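Presented below is the structure to which this report refers.
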Amino acid sequence: MSFKIIFTDIDGTLLDANRELSESTIYQLTKINKQHPIIFVSARMPKQMTHLQQQAQLEGRPLVCYNGALVITGERIVHSTEIPIDILNDLSRYNQEISNEPFHISLFHNNEWYAPSYDYWAQREENNTKVSPEIESNSTVLNRWKQEGKGAHKVTCMGEAHLIEAAYTYLKKYYDQQLHLYRSKDTYIEIAPKSVSKLTGIQQILGLEYPFKLEEAIAFGDNYNDVEMIAAVGHGVAVANARPEVLAVAKATTLHHKEDGVALYLSKLFQDL
């Protein structure tokens, strides 16, 4: 099979130990993208990815954002699915009235990121993604979004492990059929609409932006939200630090993300370019 398009996760897969694109990764992405489109597929918001696109000269390529809830090409929205406002209001109510103590809830819509305070969790995300939040209470944001007819492309709940475990149990009980609940660590829940995934995001791109089949695609990943994508493409590759669930469905593995595993694998696969 001749592979024609590359999809890659970012955090824990493509970035190095400093959460940056290494020189060797930039070199490989820039070179290969001239003949084979390279698409970033992430839980991140668009502007947390566009600076990485610019570094690797991938401007103009589509982006799969928020685990597939938002797919864009430049400023054009290819696909958008939002978490409804009633679920968001209930989560906010749970946090204020039912939880033992409030935890951090960040709300995301396209390039909007609202955090209730500039606390440890907001600063941590800012450091990881190089983007700063707007500071507004959850209730203020949700009241405005209700008037504007908007929902969230993603929600993140962050806090002490026991609070996040309780919130996860609540959301799983009442919204299991409507929400994806990704837990990359015990202090963190990443929430997305149930009907989308990274796989649905790349299917949107293959259906509307590029005339390639799923089996002609390569994908790289490391975490729970990469499993469907890695299993479905023609050649799914897990980095060495990937979760066991990803390693189990991958057709190949490469080095740890801190060792430029994606760049090394691409350099060997496309050595004739």
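The values are calculated or read from the model by the stated rules, or taken from the named source; none is laboratory data. Since the model is a prediction, treat every value here as computed from it, not as a measurement. Using ideal geometry, Cβ is built from the backbone for each residue, glycine included, and neighbour counts are taken over all protein chains shown.
Go through the stretch 127-145 and report how many residues are assigned to a helix (DSSP H, G or I) and at pLDDT below 95. Steps first, answer last, please.
Initially, the stretch 127-145 is screened for residues assigned to a helix (DSSP H, G or I), giving 127-129, 138-145.
From what's left, at pLDDT below 95: 127-129.
The number of residues fulfilling the criteria is 3.
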Residue that is hydrophobic (A, V, I, L, M, F, W, C), in contact with a strand residue (DSSP E or B) (Cβ under 6 Å, 6 or more places away or on another chain) and surrounded by fewer than 24 Cβ atoms within 10 Å (Cβ to Cβ), where the choices are 252, 217, 192: 252
Filter result for residue 54 (touching a residue at least 12 places away in the same chain (Cβ under 8 Å) and not assigned by TED's automatic domain parsing to the domain that holds residue 110): no
Residue within the stretch 89-110 that is within 20 Å of residue 202 (Cα to Cα) and modelled with pLDDT of 95 or more present: yes
Some residue of the stretch 227-240 being of a type outside the set (Phe, Trp, Tyr), free of Cβ contacts under 8 Å to residues at least 12 places away in the same chain and in the same structural domain as residue 29 (by TED's automatic domain parsing): no
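This table checks each residue for (1) part of a loop (DSSP other than H, G, I, E, B); (2) surrounded by 21 or more Cβ atoms within 10 Å (Cβ to Cβ); (3) among the β-branched types (Val, Ile, Thr).
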residue: 7; (1), (2), (3): no, yes, no
residue: 12; (1), (2), (3): yes, no, no
residue: 43; (1), (2), (3): yes, yes, no
residue: 47; (1), (2), (3): no, no, no
residue: 59; (1), (2), (3): yes, no, no
residue: 67; (1), (2), (3): no, yes, no
residue: 77; (1), (2), (3): no, no, yes
residue: 87; (1), (2), (3): no, no, yes
residue: 100; (1), (2), (3): yes, no, no
Unmet criterion (only one of (1) surrounded by fewer than 18 Cβ atoms within 10 Å (Cβ to Cβ); (2) out of contact with any Ser or Thr (no Cβ under 9 Å at 6 or more places or on another chain)) for residue 201: (1)
Residue tally, condition in contact with a Leu (Cβ under 8 Å, 6 or more places away or on another chain) and of a type outside the set (D, E, K, R), over the stretch 219-264: 16
